[in-house]
Amino acid sequence: MKINKIFLNLLFLMIVLVVIELSSSTIIYIKEKKVSFLFKPFSKIAKNFQQEQEVFLVNWDKNKDKIVPGNYSHKKNGEKIKYKINSRGFRGDEFSLKKNVKNRIIAFGGSTTIGLGSEINETYPKSLQDRLEKEDYDVEVLNFGLPAKSLNFIRELYFKEAFKYKPDIIIIYSNRNPTMYDSIGTKIMIDERLDNDKIIRTNLFLMDNVMTFRLLYKLYRKVINLTIRSDEVISPYKNDVKHNIFYFTDQYYKTLNEIINFSKKNSTKVVLVKQAFFFNPPIQKKLRSYDLKENIEVLKNLKKNNIDQLNYHDSFWSVTNVVLNKTMDKFKNHQNVIVVDPIESLLENKQNFTDYVHLSPKGNVILANKISDKIKSILRK
C-alpha cells in the first residue's frame, strides 16, 4: 500500500513536470522556434547537442592561457564551422617566430577576430592578407584572436609574447569584451567555465533541450535587468558584482594608451578598428552623432534618454559600443596610430553579420578592405 502511494506520487510529479515542460516548450517555440527534448527522439539528444549547439567550446590551457592545439568545430546558422588551432595556440597554419616577410601584421581581438562563424579563409585577417598580396605586398597577417578575451588580456599577450614576433603593425579589434569581462580586473566568466567543461556543457545541454530551464533562465535575466540602477553596470562575474560605468571607459583608454606607448618603443604601428554592433541601427546612428561626454550621460540614464526601447541588455551594449569606439578617437591624431571606422559600411546590410556582432564572410571582406585602404601607405613592397 505504501509502495503504491509512493508510485502514485511519483507518477503525479512526473505528469506535472511534463505539463510544465510542454507549457514552457509552447512558449519558447512560439518565440524562438526552439524544440524541447520531449519532441526529439531520445536516442538523438546527445547527438543533437554535439552537432547543433552554437557555442564555440574549446579546451583551454590554464598554464599558457591559450586554446589547446587541435581541431574544433561548432554549428553556426546550421553550418558546421571548423577551427584548426596551431601549436602556438592560435587559429590558422603554423608560423615561425622569425619574420620572413617585409611586413608582419598581428591581429588582436576576441571571437570577431578569430572568426567565429567563418571558415579560416573567410576571417578578416586572412581576407586582409589576400587583399594585400594581390596588390603585391610582401605581407603576413597572424591571427592572434582568442574567444571572449578582453583588451587587458590582449595587452598582456602582446607585452609577454606577441612582441617577440617583431610585428610592423598590430591591429586592435576589441570593444565589448572589456566591458563584459575585464572591468574589475578579475578572470572572465567564460574562463572560469572553461576550467570546468562539464558545467558549461551541462548548462548548454539544458538550455538547448529543456525549455523550462531555458524559460526560467530568461525570466531570471529579466528580473536582474529590472534591478540594475541606471548608473551601474551588471557584471557577469561571481556574486554579480556591480561597478560604476566610468571605470571601464577609463580603463579602456588607459590600456589602449599603454599598448600604443609600448608599440612606439618597438617601432610598431597601431591600428585601432571600431567595432560595429547590429543593435537597432537607427539608435546606433543617433548615438554616434553625440560626442563622448553626451554618450556617457545617455548611458547613465537609458530611460531618461529614451534609449531603452530594446531590453536593458541590448540598449546598454548599444551605448557602450559607441562610447568605447569614440574613446578610440582620442588617439586619431597620434603619429603612431591609425583609426579605422568600418561601421557605416557594415551596418548597410544585415547580411554582413551572422548575429549582432560577429561578421559574415562578406562582412569580414568589407572590414579587411577598410583596414587595407588605411594601412597601405605604411607598408613596404
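The values are calculated or read from the model by the stated rules, or taken from the named source; none is laboratory data. Note that the structure is predicted; figures quoted are calculated from it, not measured. Note that we place each Cβ from the backbone using ideal geometry, even for glycine, and neighbour counts take in every protein chain shown.
Considered as a group, the residues in segment 123-132 that are under 17 Å from the mean Cα position of the chain (by Cα) and in a helix (DSSP H, G or I) include one that is surrounded by the most Cβ atoms within 10 Å (Cβ to Cβ), and that residue is Tyr124.
Checked against the criterion of being among the aromatic types (Phe, Trp, Tyr) and at pLDDT 75 or above, the candidates Tyr312, Tyr252 yield just one match: Tyr252.
Exactly one residue among Lys293, Lys370, Lys332 is within 26 Å of Tyr253 (Cβ to Cβ), modelled with pLDDT under 80 and of a type in the set (Lys, Arg), and that residue is Lys293. Screening Ser372 with (1) within 18 Å of the chain's Cα centre (by Cα); (2) of a type in the set (Ser, Thr, Tyr); (3) crowded, with 19+ Cβ neighbours inside 10 Å gives one miss only, at (1). For segment 163-180, taking the residues that are over 22 Å from Ser118 (Cβ atoms) and in a helix (DSSP H, G or I), the one that is modelled with the lowest pLDDT is identified as Thr179. Listed by first and then second residue, the pairs linking a residue in segment 255-269 that is within 16 Å of Ile171 (Cβ to Cβ) to a residue that is of a type in the set (Val, Ile, Thr) and modelled with pLDDT under 95, with Cβ atoms under 6 Å apart and 6 or more places separating them unless they lie on different chains, are Lys269/Ile378.
In this structure, Ile114 does not satisfy being without any contact (Cβ under 8 Å) to a residue 60 or more places away in the chain and surrounded by fewer than 22 Cβ atoms within 10 Å (Cβ to Cβ). Number of residues in segment 61-109 that are polar (S, T, N, Q), in contact with a strand residue (DSSP E or B) (Cβ under 8 Å, 6 or more places away or on another chain), surrounded by fewer than 16 Cβ atoms within 10 Å (Cβ to Cβ) and closer than 27 Å to Gln275 by Cα: the value is 1. Only a single criterion out of (1) assigned by TED's automatic domain parsing to the domain that holds Ser111; (2) among the hydrophobic types (A, V, I, L, M, F, W, C); (3) modelled with pLDDT under 75 is not satisfied by Ile259, namely (3). Within segment 87-119, can you find the residues that are among the polar types (S, T, N, Q) and under 21 Å from the mean Cα position of the chain (by Cα)? Those that are among the polar types (S, T, N, Q) and under 21 Å from the mean Cα position of the chain (by Cα): Ser111, Thr112, Thr113, Ser118.
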